[in-house]
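The values are calculated or read from the model by the stated rules, or taken from the named source; none is laboratory data. If you're wondering where the values come from, they're calculated on a predicted model, not measured in any experiment. So basically every Cβ, Gly included, is an ideal-geometry build from the backbone, and we count neighbours across all protein chains shown.
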Amino acid sequence: MARLPRIVIPNQPLHIMHRGNNHQDIFESEEDMVRIIEDIAYALSKTDCYLHAYVIMTNHLHLLVTPKDKAHLSKFMQTMANRYVRYFNATRNQSGTIWEGRFKSCLVDSDQYLFTLYKYIEMNPIKASMVESIADYPWSSYHHNALGKTDKLITEHKQYQNLQWLHRLCRVCLCFS
């Protein structure tokens, strides 16, 4: 059976999930985490894709990405995944794929869903009982999006920027009331 075509609308965010083959751990050490972040940064620099939120778990990752078009999304994912496979195999003296087939993607079709995904993605380590406080998990965009710390991977989505602006306005209004 032929696989269904991927739905990509130019400049519309997508929730991407890419998992290790057979749910195996593919991010096993701090060095692995640092490397996948470098690979994501490199792939972003080579494409017109913008990353808004992410989490890197031990056996998969979630990305909230806005691509310019389908070709840029494909190039981004191929670049990131292939670079990481080469590193992973070289450091473990093995060969072959580490990814479980194609990456999964889901079109973000509303602002409400966009903000739900921010929370879902960044709260993954809590759901998996990896940490008690999400602030203790360093391999996500939480520190940028919730705490305002700079993350070179993140380009804030326009709706997220509007929310920040509204929040600042409300704080100013409360100061004068």
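Conditions tested, residue by residue: (1) β-branched (Val, Ile, Thr); (2) modelled with pLDDT under 95; (3) closer than 16 Å to Ser74 by Cα; (4) in a loop (DSSP other than H, G, I, E, B).
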| site | (1), (2), (3), (4) |
| --- | --- |
| Ala2 | no, yes, no, yes |
| Val8 | yes, yes, yes, yes |
| Arg19 | no, no, no, no |
| Ile40 | yes, no, yes, no |
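Of the candidates Lys68, Lys119, the single residue that is free of Cβ contacts under 8 Å to residues at least 60 places away in the same chain, under 25 Å from Ile7 (Cα atoms), touching an Asp or Glu at 6+ places or on another chain (Cβ under 9 Å) and surrounded by fewer than 20 Cβ atoms within 10 Å (Cβ to Cβ) is Lys68. Could you check, for segment 75-86, whether at least one of its residues is in contact with a helix residue (DSSP H, G or I) (Cβ under 9 Å, 6 or more places away or on another chain), of a type outside the set (Lys, Arg), assigned to a loop (DSSP other than H, G, I, E, B) and at negative phi? Within segment 75-86, not a single residue is in contact with a helix residue (DSSP H, G or I) (Cβ under 9 Å, 6 or more places away or on another chain), of a type outside the set (Lys, Arg), assigned to a loop (DSSP other than H, G, I, E, B) and at negative phi. Among the numbered conditions (1) modelled with pLDDT of 95 or more; (2) under 22 Å from Asn145 (Cβ atoms), tell me where Gln78 comes up short. Of the numbered conditions (1) modelled with pLDDT of 95 or more; (2) under 22 Å from Asn145 (Cβ atoms), the odd one out for Gln78 is (2).
Taken as a whole, the condition of being in contact with a helix residue (DSSP H, G or I) (Cβ under 8 Å, 6 or more places away or on another chain), assigned to a loop (DSSP other than H, G, I, E, B), among the β-branched types (Val, Ile, Thr) and touching a residue at least 40 places away in the same chain (Cβ under 8 Å) applies to Thr97.
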